[in-house]
1. Which FRET efficiency value, to the nearest 0.05, do you get for Glu81 and Ile254 by plugging their Cβ-Cβ distance into 1/(1 + (r/R0)^6) with R0 = 41 Å?
2. Taking the Cα of Gln163, stepping 7 Å toward and past its beta carbon, and measuring to each backbone N in the range 118-144: which are under 13 Å?
3. What's the long-distance tail for the range 1-160, i.e. % of Cα pairs beyond 20 Å?
4. Grab the beta carbon distance between His156 and Val62, set R0 = 25 Å, and tell me the FRET efficiency rounded to 0.05.
5. Provide Rg and Dmax in Å for the chain, with only Cα atoms included in the calculation.
6. At what distance in nm do the modelled label points of Asn234 and Lys122 sit from each other, each positioned 7 Å from its Cα along Cα→Cβ?
7. Between Lys261 and Asp193, what is the label-to-label distance in nm when each label sits 7 Å out along the Cα-to-Cβ direction?
8. Can you report the principal axis dimensions of the range 137-272 using only the alpha carbons, biggest first, rounded to whole angstrom?
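Taken together, the values in this text are just the output of simple stated rules run on the coordinates, not laboratory data. Since the model is a prediction, treat every value here as computed from it, not as a measurement. Using ideal geometry, Cβ is built from the backbone for each residue, glycine included, and neighbour counts are taken over all protein chains shown.
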Amino acid sequence: MPKVVMTFPKGKFKVLTMSYDDGKAADRRLVDIFNRYGLKGSFHLNSGLLGEGDRIPAEEIVSLYQGHEVSAHTVTHPTIERSPKEQLVEEILEDRKRLEELAGYPVRGLSYPNGSYNSFIKEVLPYLGIEYARTVNSTGHFNMPDDFLEWNPTCHHNHNLLQLAEEFVSLHKKQYLYMFYVWGHSYEFDQDDNWELIEQFSEFIGGKEDIWYATNMEIIDYIMAFRRLHFSANSQFVYNPSAQSVWLIVDERIVEVPGGKQVGLIKEESWQ
């Protein structure tokens with residue numbers, strides 16, 4: 001029986017994802033930095049507050065966040081742990097509906113407003129079409145998450161960002177998968193007058209051949225595609241029912257399993 005393990009696209013074993021809340025004007029500068037260095041972000045927006053004060057207006061959402069992810073953050077940013085269940089449902093579902101009208105695709109992620117959540121909210125989210133939800137509880141490590149509805153980031157950008165970036169880039173043991181998850185608010189760079197921090201970070205960590213740069217939802221989709229793979233009992237072939245490719249390491253060989261294809265894992269061959 002071959003030894004088979006999951007890997008990220010094209011055999012990469014590290015993934016970087018960025019997560020920013022509230023959709024304020026400073027997102028324009030942040031997105032520009034991400035685009036220059038090839039980083040990808042998930043931007044969690046309050047649809048009921050778009051265009052208010054210095055928040056990004058609705059008509060700019062598609063163009064600004066192209067190539068990144070538009071994600072939910074509730075309509076009006078309440079502390080949802082203290083909200084009646086009826087308001088909880090409305091805040092999340094209406095946010096999805098309004099953002100989907102703008103973005104043109106299903107909005108399936110969330111960051112908890114004010115970092116507020118509990119076990120009841122986690123139980124309800126899948127019924128509201130939410131597949132992941134980010135907390136504000138930084139771990140300081142690069143482990144893959146065990147619970148995507150309580151997705152703890154590695155760090156806020158003001159907490160040892162450059163030191164953690166150096167550690168992440170130096171990781172070399174390919175028997176593990178590593179995730180570096182950075183969160184924050186773009187307006188904090190204005191408040192703290194430290195735009196050079198994210199500029200330096202992005203320049204340093206961008207363009208690495210062993211890092212996959214992905215949005216939150218792209219990570220979820222990829223892991224779910226791996227979990228949907230149908231392996232033969234002896235692991236000698238596998239069928240991929242998903243639309244996207246999944247990559248495996250098979251006895252130290254990188255093997256792509258294209259969407260809708262069955263692939264032999266012993267010999268380099270595939271069947272329709």
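1. Values: r = 44 Å, r/R0 = 1.07.
The calculated FRET efficiency here is 0.40.
2. Residues passing the 13 Å test: 140-141.
3. Values: 6693 of 12720 pairs.
Of all Cα-Cα distances in the range 1-160, 53 percent exceed 20 Å.
4. Numbers: r = 28 Å, r/R0 = 1.12.
Here the calculated transfer efficiency is 0.35.
5. Cα-based Rg and Dmax for the chain come out at 19.5, 61 Å.
6. 4.1
7. 5.5
8. 57, 29, 21
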